[in-house]
Every structure is written in structure tokens, then in C-alpha cells.
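Read the structure below first, then the notes.
The values are calculated or read from the model by the stated rules, or taken from the named source; none is laboratory data. What you are looking at is a predicted structure, and each value in this text was computed from that prediction instead of being measured. Heads up, the Cβs are rebuilt from the backbone with ideal geometry, glycines too, and the neighbour counts pull from every protein chain shown. We work out accessible area using only protein heavy atoms, side chains counted, and drop any ligands, DNA or RNA first. Shrake-Rupley method; radii C 1.70, N 1.55, O 1.52, S 1.80 Å.
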Amino acid sequence: MKFGTKALHAGIEPDPTTGAVMTPIYQTSTFVQEYPGKHKGYAYARGKNPTRTQLENNLAALENGNHAICFSSGMGAIDAVIKLLKPGDEVITGDDIYGGSYRMFSKIYEPFGIKFHYINLYDASNIEKYINSNTKLIWAETPTNPTLKIVDIEAVSAIAKANHITLAIDNTFASPYLQNPLDLGADIVMHSATKYLGGHSDVVMGALVVNDDELYQRLHFILNSCGANPGPMDSFLVLRGIKTLHLRMKAHCENGEKVAHFLKNHPKIGHVYWPGFEDANGHQIAKKQMRGFGGMVSFTLKGDDFDAAMRFACNVKVFTLAESLGGVESLVNHPASMTHASIPKAEKDKAGVVDGLLRLSVGVEDIEDLILDIDQALDLV
Ligand SMILES: *Cc1c(COP(=O)(O)O)cnc(C)c1O
């Protein structure tokens, strides 16, 4: 089955009791038992809920995996992966990961005795010197947020496998439409379903997809024990969002490309980050492991001026100034003061999150209106 057909149908069965074609919202916390311990696979909705099950089956199919588990947020999903570890374990991760991931790793889990190395993962040969017998996990994001760097998943996977280290990829920016990390050797794929999967900025949810049965059992045990489960209404919303994932992603990619080229040719722009440019860092790897370059475009204003960035962010009219990404509507974000505010200034500068940097989540509006909007906002800078 091809991707669009899978998005609509894979893992989804009409409701067995009523024939409802759309998966019902099973708004129930508990399920009747015939006698103690005998039920239809559902006992208590923290562990499993039928609406969630259909979404998980669908997501597993989209990532070419055997199992998916949904969580109440992307952070809930990441949290479950870190709970596979114990004090003394070490993690190798990127130096410009999602701000919330950095905050969880550094503020919550470092005090619990887990050590994180925030390194340049874009050159896979850089990784080996950080590996020792305590290294248990490599946590990578690609493309990264906000400077859209590319990690070579196959190359990192080879290193992880050789050293018996679990490799997890945050695939939020690419979505399964553009990239399938399990096919490239990753052990765990993570999504903030809040973004492209949901696609309509109306739900917060996370997901993990894996192939290994035992890893799935351990992660599901963590979900059921710790309780970061999503509700049935949210599961329904993401299921509905995914039905148009392929249509939306195609439009995001087309609009993203046009916005990137427009910015590149504009005299007030310093640098444009978009992995589709021939001269972009990691462009060859992106071409190899992705089926398109996505709808995220970041850029700096000449002179890296904070006030200029503020003026742009406050004067766009079609774009909305807001955190998050991946919805149908276009958003602009000032990473240094919004999504990445919790990262120390020195770390931010190292990762290119400078005062003049803006990140666009290019939506699916008509491209002429998006370009006109950017153009008029740049005139006011
Ligand atoms: C949003 C995001 C997360 C966190 O997901 P939530 O659903 O907001 O908890 C993690 N990684 C990336 C790349 C994200 O964009």
C-alpha cells in the first residue's frame, strides 16, 4: 500500500458493534468484565482505549513499525524513553534539540543521575569519542529545531548497533510522510503528534513507534505505570488529522520551498536555513533519507538585530506569532525568546539560535498571500 492509502486505512477497522466507519470516541474509563480478569482486551483506559488502539495501529503502519504507543504529549513520550534508563547511564544527544527536550534532560533527569552529552551529531564521526560502557541511548532529532540541521540516521545507527546502544529519533519535523527512521536502523521513533500528525493545532499528543516486542512491552509498562496516556477525544482528533497528512505535507513542502527561495533572494535576509538548498548543511543526507524537505524554514535578518526580528514577528498578518508548528496555518516564532528561552545564552549562540533568527512553520495557505505577507513585514524591518 502507498502512503496516502495507508494514512486513511492502515490499522483502522469499522467499529465491530455498530459498523461506524469513523472510529468512535470511546469516552469511558473502564470496561465490563464477564468474570474477574476476563474482558475483551480492555480493562482500564489508562493502559488501553479502543480509539487509541486504532490510532496506534495506524501510526505503526505509517512508520513501518510493529508497535506504536500514544502519550498525552510529545514530552510524555520522551519521558517514557528516558525512564528506560537508570542512574549512572549516559545519553548522547544533539546540541540543538527541541528546547523542551533539553529542559527535561538537564533540569529533571540530570539531578536523577543520568548524564547527557549535548554534542554535534551532524558529523557522525564525532560520536564515538563520547561512548563508554555507560552509554545506553542516542537521542537525535532530524531535521533539528530551529536550524534544520540533518543527522545521518543510517550512519548513527551503525555506530549505535556496533556499541549496543538504543537509537531514538525525534521525527516530529519530518513526519512519517517524509522520513521513516526505523527503516534506516533506528530502534525508537518519537513524534510530537501535536504538530504535523494532528496538523490542525487543536490537540497535544505524543507517540513512540518501535519494532522490537520486548522494547514495546517495556515502554507500554511505563505508560501504564506512570500514566501519561492520551484521552479518546484527542486520539480521535489525531486519527482524523492523519487522514489528510499526505495532502497537507505535499502542500507544506511546496510552500516551504517557495518561501525559502523568496527569502534567500531578499536583501534584508542574512542566512536561510532550509535543507532543500544545494549548499545547505546535510543536503545530500537529507536527499538520501527524506522524501521532501518539509515546511519548516528558518532565517536570520542581516545584522542579527533583536529589534528587527521583533518588528518582523509583530508585523506579519497572515502568519501568526505563536509557538508550535506543523498545523495548516502558517506560524512565526522567535526561538531565542520563545521555544528556546529555557536554553542558556551560550548554548543558544553555539546552536545558532541568535537574536535575529526567526522560524517559520509554512502552512497550506495560498503561496501568493504568504509571500506578500513576508514581503510587507520585511519592508517594515
Ligand atoms: C513540540 C515538540 C516536542 C514536544 O512535544 P509536545 O507535544 O509539545 O509535548 C518534541 N520534539 C519536537 C521536535 C517538537 O517540535
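Tabulated data for the structure shown
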{"quantity": "Tally, over the stretch 15-49, of residues that are farther than 17 Å from ASN224 by Cα and surrounded by 12 or more Cβ atoms within 10 Å (Cβ to Cβ)", "calculated": "9"}
{"quantity": "Meets criteria (open to solvent by 50 Å² or more (accessible area, probe 1.4 Å) and either away from the ligand (no atom under 15 Å from the Cβ) or not assigned by TED's automatic domain parsing to the domain that holds GLY65 (or both)) for LYS243", "calculated": "no"}
{"quantity": "Evaluation of LEU358 against (1) on the phi < 0 side of the Ramachandran plot; (2) part of a loop (DSSP other than H, G, I, E, B) (one fails), failing number", "calculated": "(2)"}
{"quantity": "Sole residue being of a type in the set (D, E, K, R), closer than 21 Å to GLY198 by Cα and either touching a Gly at 6+ places or on another chain (Cβ under 8 Å) or not in a loop (DSSP other than H, G, I, E, B) (or both), chosen from GLU347, GLU323, GLU329, GLU368", "calculated": "GLU329"}
{"quantity": "Subset of the stretch 68-94 [away from the ligand (no atom under 16 Å from the Cβ) and surrounded by fewer than 20 Cβ atoms within 10 Å (Cβ to Cβ)]", "calculated": "LEU84, LEU85, LYS86, PRO87, GLY88, ASP89, GLU90"}
{"quantity": "Tally of residues being touching a Lys or Arg at 6+ places or on another chain (Cβ under 9 Å), within 15 Å of the ligand (Cβ to nearest atom) and open to solvent by less than 60 Å² (accessible area, probe 1.4 Å) across the stretch 199-226", "calculated": "2"}
{"quantity": "Checking ASP187 against (1) open to solvent by less than 40 Å² (accessible area, probe 1.4 Å); (2) on the phi < 0 side of the Ramachandran plot, the condition it does not meet", "calculated": "(1)"}
{"quantity": "Qualifying residue in the stretch 107-128 (condition: of a type in the set (Val, Ile, Thr) and touching a Leu at 6+ places or on another chain (Cβ under 6 Å))", "calculated": "yes"}
{"quantity": "Failed item, numbered, when GLU154 is tested on (1) out of contact with any Asp or Glu (no Cβ under 8 Å at 6 or more places or on another chain); (2) within 14 Å of ASN64 (Cα to Cα); (3) open to solvent by 20 Å² or more (accessible area, probe 1.4 Å)", "calculated": "(2)"}
{"quantity": "Contacts under 9 angstrom Cβ, first residue in the stretch 355-381 being closer than 12 Å to ALA309 by Cβ, partner at pLDDT below 95 and among the aromatic types (Phe, Trp, Tyr), 6 or more apart", "calculated": "ASP355/PHE306; GLY356/PHE306"}
{"quantity": "Pick from the stretch 283-318, criterion among the aromatic types (Phe, Trp, Tyr) and more than 21 Å from the chain's Cα centre (by Cα), ranking: farthest from MET338 (Cα to Cα)", "calculated": "PHE312"}
{"quantity": "Any chance ALA140 is within 16 Å of the ligand (Cβ to nearest atom), under 15 Å from ILE169 (Cβ atoms) and touching a residue at least 24 places away in the same chain (Cβ under 8 Å)", "calculated": "yes"}
{"quantity": "Residue satisfying all of: in the stretch 147-184; within 12 Å of the ligand (Cβ to nearest atom) and hydroxyl-bearing (Ser, Thr, Tyr); nearest to the chain's Cα centre (by Cα) among these", "calculated": "THR172"}
{"quantity": "Residues that are part of a helix (DSSP H, G or I), in contact with a Leu (Cβ under 8 Å, 6 or more places away or on another chain) and hydrophobic (A, V, I, L, M, F, W, C), drawn from the stretch 255-290", "calculated": "VAL259"}
{"quantity": "Pair list, Cβ < 9 Å and 6+ apart or interchain, from the stretch 95-122 residues that are part of a helix (DSSP H, G or I) and within 14 Å of the ligand (Cβ to nearest atom) to residues that are of a type in the set (Asp, Glu) and open to solvent by less than 60 Å² (accessible area, probe 1.4 Å)", "calculated": "SER101/GLU141; SER101/ASP170; TYR102/ASP96; TYR102/GLU347; MET104/ASP79; ILE108/ASP79"}
{"quantity": "Residue check, ILE127 more than 23 Å from MET338 (Cα to Cα) and touching a helix residue (DSSP H, G or I) at 6+ places or on another chain (Cβ under 6 Å)", "calculated": "yes"}
{"quantity": "Any chance ARG248 is within 30 Å of SER72 (Cβ to Cβ), assigned to a helix (DSSP H, G or I) and open to solvent by 30 Å² or more (accessible area, probe 1.4 Å)", "calculated": "no"}
